[in-house]
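Since the structure comes first, as structure tokens, the remarks are kept for the end.
Just so it is clear, none of the values below were taken in a lab; they were calculated from the coordinates. Predicted, not measured: the structure shown is a model, and the values here were computed from it. Positions of Cβ are generated from backbone atoms using ideal geometry, with glycine treated the same way; all protein chains shown enter the neighbour counts.
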Amino acid sequence: YKQLISYAGLSPTEYRSGSSIRGRVRICKQGGKQLRNMLYMCALNAKKSNGYCRALYDRLVEKGKNKKAALIAVCNKLLKLVFGVVKNKTFYHENFVVKIA
């Protein structure tokens, strides 16, 4: 899933020069622009309608993240969900519980 996030251009990168100059952490926009735009619009909808994404967004904003960074985290979560569903060839279940033996 990390390669998929990087392909979509949603992986975080930090500007750093030496030990004293540090910039803000931003997303790497070297991936597919159309995929990133589509995921952004899906994340806007998911934060309103999906309870899990809404909880993630609210938790990050409450911790002090800015709203756009929290929305990018929702985009990453959606990509991880899609990757897991496609890889395991299963349907998405909102209340899925992993049984640990």
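Tabulated data for the structure shown
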{"item": "Amide proton proximity set for Ile27, modelled H, under 5 Å, gap of 5+", "result": "Thr13"}
{"item": "Segment Asn66-Val86, extension gain: residue separation times 0.36 nm, minus the distance between their alpha carbons", "result": "4.1 nm"}
{"item": "Around Lys80: net Lys/Arg minus Asp/Glu count, Cβ-Cβ under 12 Å", "result": "+3"}
{"item": "Global form of segment 35-76, assessed from the alpha-carbon gyration tensor, a/c cut-off 1.5", "result": "oblate"}
